[in-house]
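The values are calculated or read from the model by the stated rules, or taken from the named source; none is laboratory data. The structure displayed is predicted, hence computed values, not measured ones. Here the Cβ positions follow ideal geometry from the backbone for every residue, glycine too, while neighbour counts run over all protein chains shown.
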Amino acid sequence: MKFFIDTANLEDIRKAYKIGVLSGVTTNPSLVAKEGIKFEDRIAEICQVVPEVESVSAEVTPDAVTADEMIAQAEELIKINGGDEKVTIKLPMTLAGLESCRYLAKKGVKTNVTLIFTVNQALLAARAGATYVSPFLGRLDDISEDGVQLVEKISKLFRIHNFDTQIIAASVRHPDHVTRVAMAGSHIATIPYSVIEQLSKHPLTDQGIEKFTTDWEKAPKY
Ligand code: E4P
């Protein structure tokens, strides 16, 4: 399973990229709004900060409701950073989003259909030619449904029908989500920087390092 980072914060993206485990970046209108910078400018900056990833998701804005409006925005977004092929158009899971997805897929533009909450929505998006689908597991857990189970079902469906569409497990809140979606067959998990940090930690690792340090201080030096 690959890791994408779910943020529009450049510092967090830089830190994650430096570790060397990052394959992509996802943003959404809420994440970009928090940064207080023009959307297109931030996407261009992100593309420059992570030259060697497969995808940077740029979501059409919520005021684009019809397929024509979404496609018009997408046509501008794909020009960012000199037509950077990483730019992936993130589209809402609506009929207009699906129509836009099919149009863009035919043109060879990468797409990410977002706000997926059912297997049927994932199936529709895959049939529309989506490069990625983003099931939001944390938001399902929030309403007492099982987000990981949804990822597991979509993964099974895509395998049975040989879809190339990749699953991005989104709305990931903690390390156990990451383990479980990896085991459920998700291709990708998009996670905040805080969760990437948490994944690397274990108290026995810290204790082990402390013990090696104190023992090493006592060792004879030649
Ligand atoms: C994914 O693409 C979304 O940006 C994100 O994972 C949503 O997460 P949230 O439910 O924590 O807002």
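Residues that are farther than 15 Å from Ile5 by Cβ and charged (D, E, K, R) within region 151-194 comprise Glu152, Lys153, Lys156, Arg159, Asp164, Asp176, Arg180, listed in sequence order.
If you go through region 202-217 one residue at a time, do you hit one that is at pLDDT 95 or above and assigned to a loop (DSSP other than H, G, I, E, B)? Within region 202-217, one or more residues are at pLDDT 95 or above and assigned to a loop (DSSP other than H, G, I, E, B). Of the listed requirements (1) within 16 Å of the ligand (Cβ to nearest atom); (2) closer than 25 Å to Cys101 by Cβ, Arg127 misses just one: (1). Of everything in region 2-18 that is farther than 23 Å from Glu76 by Cα and crowded, with 16+ Cβ neighbours inside 10 Å, the residue that is nearest to the ligand (Cβ to nearest atom) is Phe4. Being under 25 Å from Leu31 (Cβ atoms), in contact (Cβ under 8 Å) with a residue 12 or more places away in the chain, surrounded by 11 or more Cβ atoms within 10 Å (Cβ to Cβ) and in contact with a Ser or Thr (Cβ under 6 Å, 6 or more places away or on another chain) holds for only one residue in Ser186, Ser134, and it is Ser134. Val21 satisfies every condition listed in (1) surrounded by 20 or more Cβ atoms within 10 Å (Cβ to Cβ); (2) in contact (Cβ under 8 Å) with a residue 40 or more places away in the chain except (1).
For region 16-30, the candidate set comprises residues that are at pLDDT below 95 and of a type outside the set (Ser, Thr, Tyr); within that set, the residue that is farthest from Pro62 (Cα to Cα) is Asn28. Does region 32-41 contain any residue that is among the hydrophobic types (A, V, I, L, M, F, W, C) and in contact with a strand residue (DSSP E or B) (Cβ under 7 Å, 6 or more places away or on another chain)? Within region 32-41, none of the residues are among the hydrophobic types (A, V, I, L, M, F, W, C) and in contact with a strand residue (DSSP E or B) (Cβ under 7 Å, 6 or more places away or on another chain). Annotation: of all residues in region 155-174 being of a type in the set (A, V, I, L, M) and over 16 Å from the mean Cα position of the chain (by Cα), the one that is surrounded by the fewest Cβ atoms within 10 Å (Cβ to Cβ) is Ile160. Residues in region 137-154 that are surrounded by 14 or more Cβ atoms within 10 Å (Cβ to Cβ) and farther than 14 Å from Val172 by Cα: Glu152, Lys153, Ile154. The lone criterion from (1) under 14 Å from the mean Cα position of the chain (by Cα); (2) more than 17 Å from Asp6 (Cβ to Cβ) left unmet by Glu52 is number (1).
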